[in-house]
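Notes to accompany the following structure.
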Amino acid sequence: MPDLHARHFLKELDFTRDEWLYLLDLSSELKAAKQERREPQRLSGRNIALIFEKTSTRTRCAFEVAAHDQGAHCTYLDPSGSQIGHKESVADTARVLGQMFDGIEYRGFEQARVEELARHAGVPVWNGLTNEWHPTQMLADQLTIREYVGRDIDQVSIAYAGDARYNMGNSILVSSALMGADVRIVAPADFQPDAGIVASAKRLASKSGAEITITDDVAAGVKGADVICTDVWVSMGEPKDAWTSRIAALRDYQVNAALLGLTGNKNVKVMHCLPAFHDLGTTVGRQIYDETGMDALEITDEVFQANADIIFDEAGNRMHTIKAVMVATLGE
């Protein structure tokens, strides 16, 4: 059993396949223990800081509930709740928080910020999301895939459709390569992962036996896929005027009934990390509809609702997998 005590959790590239598999197995174990009301508290008396430079529903709630279940206490610092990067450097903030807390979660912008926190904090630091990586989401996604597809990750074909330049595209590519999956990135050429990320994934694939496909051909990319993943087309913090050009570039990559038909797999599963623009139930969704006439963006409501069970279990699994990360790196 790998020893991850006092380790940081910053990106998938920092872990071996055995270490990642251990976290997945621990997630399953902790999920079952919670459901059966037999969960031991392994973080009793610990104090955890949650730094959110980008707000969130799932990540905040997952960390807070997971910590509470395990007997720990959380202090939430919202985008205006600390001086990090404004009046106090990231390094100095890390040194201060490391004196008071046993672990620190960071959700924000550049990966360099969470890496700097980790260098100076002296306690485990966990990445809740950066522009470049989303490792807690990947554990949740892979746990969900194992539950719904019923096979180990190295026996699954996973296709990501949409804008793959940022955290979700990078993390799906690398975590799937780490675990030996058949992974496809299906995106226009200008929306594919950086060459350095691809090179890292290929190095992992050479050890794990993963198959990597990066293509702008939707039909070829999704053929035979067991799982289709997608994410919003405009990320948090990008200007509103990015919508028009982004929609024009990505509308052929929308996860809809036609795209699912191209898989040739009647049992194909669809996943989304949320939030999703699948209907007019949001202010942004209504604004986009008024401007473009599109009532859904990256995923249609028909497909979303047909896969709601897996999508919302995927969201729920954020809590179980985040709990595993905290227990593995901070627990006794």
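The values are calculated or read from the model by the stated rules, or taken from the named source; none is laboratory data. What you see is a predicted model; the values in this text were computed from it and never measured. We place every Cβ from the backbone using ideal geometry, glycine too, and count neighbours over all the protein chains shown.
Of note:
- For region 74-132, the candidate set comprises residues that are aromatic (Phe, Trp, Tyr) and either crowded, with 19+ Cβ neighbours inside 10 Å or free of Cβ contacts under 8 Å to residues at least 60 places away in the same chain (or both); within that set, the residue that is nearest to Arg318 (Cα to Cα) is Trp126.
- Candidates are the residues of region 33-50 that are out of contact with any helix residue (DSSP H, G or I) (no Cβ under 9 Å at 6 or more places or on another chain) and without any contact (Cβ under 8 Å) to a residue 24 or more places away in the chain; the one that is surrounded by the most Cβ atoms within 10 Å (Cβ to Cβ) is Ala33.
- Inter-residue pairs, beta-carbon under 7 Å, first closer than 15 Å to Cys74 by Cα and in region 309-332, second in a helix (DSSP H, G or I) and of a type in the set (Ser, Thr, Tyr), 6+ apart: Ile322/Thr136
- Restricted to region 133-225, the set of strands (runs of 3 or more DSSP E) holding at least 1 residues that are surrounded by 24 or more Cβ atoms within 10 Å (Cβ to Cβ) comprises 157-161, 182-186.
- Yes/no for Asp25 being modelled with pLDDT of 95 or more, within 28 Å of Ala201 (Cβ to Cβ) and not in a helix (DSSP H, G or I): no
- Among residues of region 226-262 being among the β-branched types (Val, Ile, Thr) and outside any loop (DSSP other than H, G, I, E, B), the one that is surrounded by the fewest Cβ atoms within 10 Å (Cβ to Cβ) is Thr244.
- Residue check, Arg318 at pLDDT 95 or above, out of contact with any Phe, Trp or Tyr (no Cβ under 7 Å at 6 or more places or on another chain), in a helix (DSSP H, G or I) and of a type in the set (Lys, Arg): yes
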